[in-house]
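A quick write-up on the structure given underneath.
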Amino acid sequence: MRKLADPVLTNLANGTLKARMPVEQASGTDRRSVTHLEALGRLMAGIAPWLELATDASAEGRARADYGDLARRAIARAVDPASPDFLNFTRDRQPLVDAAFLAQGLLRAPHALRDQLDAVTKGRLITALESTRAIVPGFNNWLLFSATVEAALKSLGAAWDRVRVDYALREHEQWYKGDGAYGDGPEFHWDYYNSFVIHPMLADVLAACKDESPAWQDIAARAALRAKRYAAVQERLIAPDGSFPPVGRSIAYRCGAFHLLAQAALRHALPDGISPAQVRGALTAVIRRSLEAPGTFDADGWLRIGFCGHQPGIGETYISTGSLYLCSVGLLPLGLPASDEFWSAPAQPWTSEGVEWSGLPDRSRAVGITFVCRGRSPFRCHAAIQSTYDYHRGTEPQRRRALTRVRAPRRKNPRGQELSGRHEDVDSTAAAKRRRSAGRLRRPAPSNRASL
């Protein structure tokens, strides 16, 4: 976290950000007028929950107090018209995006950032956020940038535009595609924008505004369920080595691709069956894989374009040095105290590190066996589930027997249809037969269905 924050906050607080921050960008583009607000806004969105934790006498608590002061000084410089680092909130269209990320940081740290700003800075910040209304958002995830700015203005006690919030929420209801995924506009896009922007901003806007409207409360309930589903998908995308598919655009945001999963952990909103310790291990692996690769930072500590290391060719025309700091949203769980289960629970393998690539069964996924049993005997499928339980509760010899691979004999269902096939996790030992005869494993009642 410090490696990301120090160059941006120290230079901006001292009025030297524009002078010292390099601007790496695609050939033929010029992002110098917008890249500095990108760096500030995206960094704030990521480290705000950590700043919001109560200060204490520990070394981390003292560091947090120092960084909170540094962040407030940086914001003051950014909105001061007399500052050499006065940032652009109106020219071009990009400032709407990064004003929204800055607004998201304010929503995530109401005490550390919003409430401790001096009156002059607070007034200037409100003016800066209001000025972004001149920028017309695209008919896609950009509607949420406008909504997030308005939610922050509401939080700051300023006049806010309910229509912009309502429009963004209702359009995204229309764009929901199913299985946790929204379209980026009317069409579905196979990329990480459901995590970069859509789910996290929906959650933060609704948390700030839902009590203003019963309709928004209904949307919030649905959005929370959809976010849980998408978080489950995200957890499964992380490979045992911390890599993940480089799918779609903006992959130079690195571990920022898991913004939603990190936010779900922060908000104690993980899906059932996924523990905080699993997510801690998975996110740690992703962060290390994407930020510790050689060449990720230049000699002065600034991020460089790349997915894993320095790969300038993968940056789209809208990518520049400031853009890259969206990776900091992968650090959201730093906002949980040390006593939280996320940090205190013993390590657990995440999905791809554990069962799927270890070859071992897992009790928590026993129900999943029924989905691989199509075309098999219901009895054999039931036995497979029993063998999964035997693996976890038995002695080592019992575990070996539970993993015995056998070929299921040909059987017929009540309709006389032949059911045959092979199930690889069936306990066919004499001990299993004794358990069945003793009633511990009963044959399911006859069914009219040909398979489970």
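Data overview
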{"quantity": "Cα gyration tensor, segment 2-344 - rounded (a/c under 1.5), prolate or oblate", "calculated": "rounded"}
{"quantity": "Rh (Kirkwood; distinct C-alpha pairs) - segment 198-328, Å", "calculated": "15.9"}
{"quantity": "Low-density loop cleavage sites - chymotrypsin sites (Phe, Trp or Tyr not before Pro) in segment 163-207, where at most 14 other Cβ are within 10 Å (DSSP)", "calculated": "188, 190"}
{"quantity": "Formal net charge of residues neighbouring residue 317 (Cβ-Cβ distance under 12 Å; K, R +1; D, E -1)", "calculated": "0"}
{"quantity": "Neighbour cut-off at most 16 other Cβ (10 Å), DSSP loop, GluC sites (Glu not before Pro), segment 243-344", "calculated": "292, 316"}
{"quantity": "Percent of Cα pairs exceeding the 18 Å cut-off, where the set is segment 138-195", "calculated": "36"}
{"quantity": "Neighbourhood charge, 14 Å Cβ-Cβ cut-off, centred on residue 177 and excluding it, Lys, Arg +1 and Asp, Glu -1", "calculated": "-3"}
{"quantity": "Count, lysine Cα pairs under 21 Å in segment 2-344, 8 or more residues apart or across chains", "calculated": "5"}
{"quantity": "Convex hull projection area averaged over all views, segment 43-178, Cα basis, nm²", "calculated": "9.5"}
{"quantity": "Environment charge of residue 285, counting only residues whose C-beta is closer than 14 Å and scoring Lys/Arg +1, Asp/Glu -1", "calculated": "+1"}
{"quantity": "Estimated distance in nm for a label pair at residue 341 and residue 174, the labels positioned 7 Å out from Cα along Cα-to-Cβ", "calculated": "4.0"}
{"quantity": "Loop-located chymotrypsin sites (Phe, Trp or Tyr not before Pro) in segment 85-121, at most 10 other Cβ atoms within 10 Å (DSSP)", "calculated": "none"}
{"quantity": "Whole-number Å³ per residue for the convex hull built on Cα positions in segment 171-218", "calculated": "73"}
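Readers should treat all values here as calculations from the given coordinates under stated rules, not as data from a laboratory. Because the structure is predicted, anything quoted here is derived from the model rather than measured. Note: ideal-geometry Cβ built from the backbone for every residue, glycine included; neighbour counts use all protein chains shown.
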